[in-house]
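*Asks:* Pasting a structure here, questions to come.
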């Protein structure tokens with residue numbers, strides 16, 4: 001196989017089959033090729049392979065400092081972000097699911113009067 005974007009030419013190690021096995025061996029070789037191309041893409045585009053889990057606080061502070069301040073309603077958005085940080089704080093982003101948000105909404109509704 002020749003890996004696109006490079007001068008690397010490698011064997012997939014899959015023998016060429018005869019008859020009905022030829023289709024199977026081609027599919028196996030194409031699967032190896034796609035995996036190799038994924039490796040090239042991760043290297044060329046610096047796609048992270050594994051990231052450490054971010055907390056809600058880290059993401060919200062980054063958003064507040066780099067995005068929200070440029071919005072027209074930035075001051076209001078920043079105050080909303082601060083309230084969310086108080087609620088979700090150091091929870092990992094992956095731990096915050098729909099059920100967790102519904103729990104927060106219920107707790108928040110008990111604390112705050114609804115706007116008229």
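Coordinate-derived values only; no laboratory data. Everything quoted here is computed from the prediction, not taken from an experiment. Cβ: placed from backbone, ideal geometry, glycine included. Neighbour counts: every protein chain shown.
*Asks:* Got a sec? How would 79, 25 order by Cβ neighbour count within 10 Å, fewest to most?
*Replies:* Details: 79 11, 25 15.
So the residues, fewest neighbours to most, are 79, 25.
*Asks:* Between residue 28 and residue 71, what FRET efficiency comes out of the Förster formula 1/(1 + (r/R0)^6) with R0 = 35 Å and r the beta carbon distance, rounded to 0.05? Intermediate results must be reported in sequence, preceding the final value.
*Replies:* Working: r = 51 Å, r/R0 = 1.46.
In this case the efficiency is close to 0.10.
*Asks:* Obtain the nm distance between the two label points defined at residue 110 and residue 94 by a simple spin-label model: each point lies 7 Å from its Cα along the Cα-to-C-beta direction.
*Replies:* 3.0 nm
*Asks:* Report the gain in length on full extension from residue 9 to residue 42: 0.36 nm times residue separation, minus Cα-Cα distance, nm rounded to one decimal.
*Replies:* Values: separation 33, 0.36 × 33 = 11.88 nm, distance 1.84 nm.
Extra length available between residue 9 and residue 42 comes to 10.0 nm.
*Asks:* Separate question: Along its principal axes, what span do the Cα atoms of segment 56-111 show, with the longest given first and each in whole Å?
*Replies:* On the principal axes, segment 56-111 reaches 31, 24, 16 Å in Cα extent.
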